[in-house]
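Written below as structure tokens is the structure these notes are about.
The values are calculated or read from the model by the stated rules, or taken from the named source; none is laboratory data. Keep in mind that this is a model prediction, so the values were computed, not measured. In this analysis, Cβ positions are derived from the backbone assuming ideal geometry, glycine residues included, and neighbour counts consider all displayed protein chains. Surface areas here come from the heavy atoms of the whole protein model, side chains and all, with no ligands, DNA or RNA. Shrake-Rupley method; radii C 1.70, N 1.55, O 1.52, S 1.80 Å.
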Amino acid sequence: QVQMVESGGGLVQAGGSLRLSCVASGRISMINTMGWYRQAPGKQRELVADITSGGSGGSTRYADYAKGRFTIARDGAKNTMYLQMTSLKPEDTAIYYCNVVNLSQFGVATGDYWGQGTQVVVSS
């Protein structure tokens with residue numbers, strides 16, 4: 001099995017910064033995609049950013065609202081992922097979840113795992 005544990009959420013004023021961390025343990029495949037998602041009250045869960053397990057730090061993808069403000073990174077050796085969030089806005093308030101999708105050598109998903117989430121509240 002796979003366990004995902006997020007940390008780093010909290011209360012911050014608009015314009016401030018937070019750094020989220022996610023540690024994955026268990027059966028993480030060599031090829032995988034790790035990502036951050038968020039869910040605000042009354043809204044669907046949405047992608048924030050994700051990063052592949054490429055040898056040069058992986059390729060990244062960001063939601064439009066995250067571009068230029070958020071940075072995703074990972075430490076493959078530690079199966080740890082980070083999300084540095086800057087210039088936070090009240091609309092960034094949400095529960096942030098980390099996710100890992102294990103992939104076969106052919107790119108087929110073989111497992112999809114989620115953490116419990118960490119709350120981020122941005123006050124105006």
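Treating only the Cβ atoms of Lys and Arg (+1) and Asp and Glu (-1) as charged, compute the dipole magnitude of the chain about its Cα centre; round to the nearest 20 debye.
Rounded to the nearest 20 debye, it is 100 debye.
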Can you work out the FRET efficiency for the pair residue 3 and residue 124, with r the C-beta to C-beta distance and R0 = 25 Å, to the nearest 0.05? 0.10
Ordering 40-48, 84-92 by per-residue average of other C-beta atoms within 10 angstrom, highest first, gives 84-92, 40-48
Under 19 Å from a point 7 Å along the Cα-to-Cβ line of residue 13: which residues of the range 86-100 have their amide N that close? 86-93
Calculate what fraction, in whole %, of the accessible area of the chain sits on carbon and sulfur atoms when a 1.4 Å probe is rolled over the protein chains. 50
